[in-house]
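Peer 1: To start, I am sharing the structure in question, which I have written as structure tokens.
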Amino acid sequence: MENDRTREAGGTAEGDRGIVKRAGTFRVLGIDPGSQVTGYGVVEEAGHGLCCIKYGEIKPARGVAFSSCLQTICGGIQEVIRRTEPDALAIENIFYGKNIRSLIKQGHVRGVAILAGAESGVPVYEYSPLEIKKAVVGYGRAEKGQVQMMVRAILKLPELPPPDAADALAVAICHIHFRKADPT
């Protein structure tokens, strides 16, 4: 998964050894779907605290067919699932927008992410942008920068994660806070 189309950061300094799931923890993979950049973030709840396991961005190559972009995104998400063994996958729901083509592409990316989770046996949950921002910032109309700063503070990260990865981490934090009962 580490190639020129994927940028990863965060997690532990121990590399993949730090990704091994500990007993008694609950791990969530958050996804911020986008056709150009799909953010992902894995957050673990252990006891009364949250810990960032891994975060990054999946960036399909520019100028390739959209079907190839979807394959790259699906493969990237499947690899993150394989490496981090989440208990749940939480994804941002589509919100209203002016550009219908962008919303349709985002819907396709969401479908691929949901399928990757379902095929891996990971229950999938959906949250609106309002729910996510409210869970992380306390205000449903928060700006992207505010979400980044709060994610950094909540997870005690040494630096701000990239915007799409921060949004994905926020989705994971939201699911840990709300833990919906039934997957969609």
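Peer 1: Quick check on the stretch 37-100: take the gyration tensor over C-alpha atoms, sort the square-rooted eigenvalues as a ≥ b ≥ c, and tell me if it's rounded (a/c under 1.5), prolate or oblate. Don't skip to the end; give the middle numbers.
Peer 2: Values: a/c = 2.78, a/b = 1.60, b/c = 1.74.
The shape class here is oblate.
Peer 1: Each residue of the stretch 42-58 in order: what ³J(HN,Hα) in whole Hz does its phi give by Karplus 6.51 cos²θ - 1.76 cosθ + 1.60, θ = phi - 60°, with x for Gly and Pro?
Peer 2: 10, 10, 10, 9, 10, x, 10, x, 10, 9, 7, 8, 6, 8, x, 9, 9
Peer 1: What is the dipole size for the chain, taken about its Cα centre, with +1 at each Lys and Arg Cβ and -1 at each Asp and Glu Cβ, in debye to the nearest 20?
Peer 2: Values: 23 positive and 21 negative charges, 74 e Å.
Taking the Cα centre of the chain as origin, the dipole is about 360 debye.
Peer 1: Let me ask you something else. Report for the chain the percent antiparallel among DSSP-assigned beta bridges with both residues inside it, nearest 5.
Peer 2: Numbers: 21 of 29 bridges.
Just about 70 percent of them are antiparallel.
Peer 1: Here is a further query. Cut-off under 28 Å on the C-alpha distance; same-chain residues fewer than 8 positions from K59 excluded. Which lysines are left, in chain and number order?
Peer 2: Answer for K59, where 28 Å is the Cα cut-off: K21, K98, K105, K133, K134, K144, K156, listed by chain and number.
Peer 1: Also, quick follow-up: If each residue of separation counts as 0.36 nm, what is the full-extension length gain between A61 and S128 once their alpha-carbon separation is subtracted?
Peer 2: Values: separation 67, 0.36 × 67 = 24.12 nm, distance 2.81 nm.
Value of the extension gain: 21.3 nm.
Peer 1: Put +1 on the Cβ of every Lys and Arg and -1 on every Asp and Glu Cβ in the chain; which of Y55, M149, P123 then has its Cα farthest towards the positive end of the dipole?
Peer 2: Ranked along the dipole, the leading option is M149.
Peer 1: So how strong a dipole does the stretch 66-154 carry about its Cα centre when Lys and Arg Cβ are +1 and Asp and Glu Cβ are -1, to the nearest 20 debye? Spell out each step's value before the answer.
Peer 2: Numbers: 11 positive and 8 negative charges, 94 e Å.
Approximately 440 debye in magnitude.
Peer 1: Suppose every K and R has +1 on its Cβ and every D and E has -1 on its Cβ; what is the size of the dipole of the stretch 113-184 about the Cα centre, in Debye to the nearest 20?
Peer 2: Dipole about the Cα centre, nearest 20: 320 debye.
Peer 1: Now a separate question. Given all pairs of different Cα atoms, what value in angstroms does the Kirkwood hydrodynamic radius of the stretch 34-184 take?
Peer 2: After inverting the mean inverse Cα-Cα distance, the result is 15.6 Å.
Every read-out reported here was derived from the displayed coordinates using simple, explicitly stated rules and does not represent laboratory data. Please read all numbers here as calculations on a predicted model, not as lab measurements. Counting neighbours? That spans all protein chains shown, and the Cβs are built from the backbone with ideal geometry, glycine included.
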